[in-house]
Amino acid sequence: MQISKQWNEEDSAYIKKKVIEHNMKMLEDEAKSPLDQVSFMLRDDDGQLLGGITGEAFWYHMHIDFLWVDESLRGQGYGKQLLHQLEAYAKEKNYYLIILDSFSFQAPQFYKNNGYEEFGKVEDHPRGHSRSYLMKRI
């Protein structure tokens, strides 16, 4: 046996697949739903992409991956509208929890203002900043 330092997509995908297989063995059948990838996009009248929210749902919860609004539109409620669209979708699908993480230089306060509760925080990650973990039961 030997351990080698290397990264390649094929081997990494295999490791991920094996972890997922293990996880699925531990779950009740009703929780073994396929991954639900979701996005809502904000476009202007010309079709230019100016914002969006992306997430993945599994095990009856939604994980928000990214929320972005063009700097020229920030503070006008578009982020809140995108977040509420994703929340409405999650409720419609009977997901019970939304989780996400946000760095201190991003928008943890925005999520708190929208009903998200901080359940964890890593200080000095990256150096001089923090990373918050937030959730909202729906």
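Each value in this text was obtained by applying a stated rule to the coordinates, not by laboratory testing. Since the model is a prediction, treat every value here as computed from it, not as a measurement. Every residue, glycine among them, receives a Cβ derived from its backbone with ideal geometry; neighbour counts consider all protein chains shown.
Which pairs, out of K17/K80; K17/K112; K18/K93; K32/K91; K5/K32; K25/K91, put more than 25 Å between their alpha-carbon atoms?
Working: K17/K80 35 Å; K17/K112 34 Å; K18/K93 27 Å; K32/K91 18 Å; K5/K32 33 Å; K25/K91 27 Å.
Violating the 25 Å Cα-Cα cut-off are K17/K80; K17/K112; K18/K93; K5/K32; K25/K91.
Counting alpha carbon pairs within less than 8 Å and at least 6 residues apart, what relative contact order, in whole percent, applies to region 30-137?
20 percent
Can you find, among Y133, Q76, N114, the residue farthest towards the positive end of the dipole of the chain? Put +1 on the C-beta of Lys and Arg, -1 on that of Asp and Glu.
Toward the positive end, the furthest listed residue is Y133.
Once amide H atoms are built 1.01 Å from N in the peptide plane, which residues 5 or more positions from S33, or in another chain, come under 5 Å H to H?
W59
Go ahead and set up a Gaussian network model of the chain, Cα springs under 10 Å, then flag whichever of M62, M24, M41 fluctuates most.
M24
According to the Cα gyration tensor, what semi-axes, each the square root of 5 times an eigenvalue, does the equivalent ellipsoid of the chain have, listed from largest to smallest in whole Å? All intermediate terms of the calculation are to be shown ahead of the outcome.
Working: eigenvalues 169, 87, 61 Å².
Output for the chain: semi-axes of 29, 21, 17 Å.
By average Cβ neighbour count within 10 Å, what is the ranking of 71-80, 51-60 from highest down? Mind showing how you got there, number by number?
Values: 71-80: 12.3, 51-60: 18.1.
With the highest mean Cβ count within 10 Å placed first, the list reads 51-60, 71-80.
Rounded to the nearest 20 debye, what is the charge dipole size of region 30-137 about its Cα centre when +1 sits on each Lys and Arg Cβ and -1 on each Asp and Glu Cβ? If you can, show how the numbers build up before the last one.
Numbers: 12 positive and 16 negative charges, 72 e Å.
That gives a dipole near 340 debye.
Whole-Hz Karplus ³J(HN,Hα) for region 57-71, in order, using 6.51 cos²θ - 1.76 cosθ + 1.60 and θ = phi - 60°, x for Gly and Pro?
The phi angles translate into 10, 7, 6, 6, 9, 9, 10, 7, 8, 9, 9, 9, 10, 3, 3 Hz.
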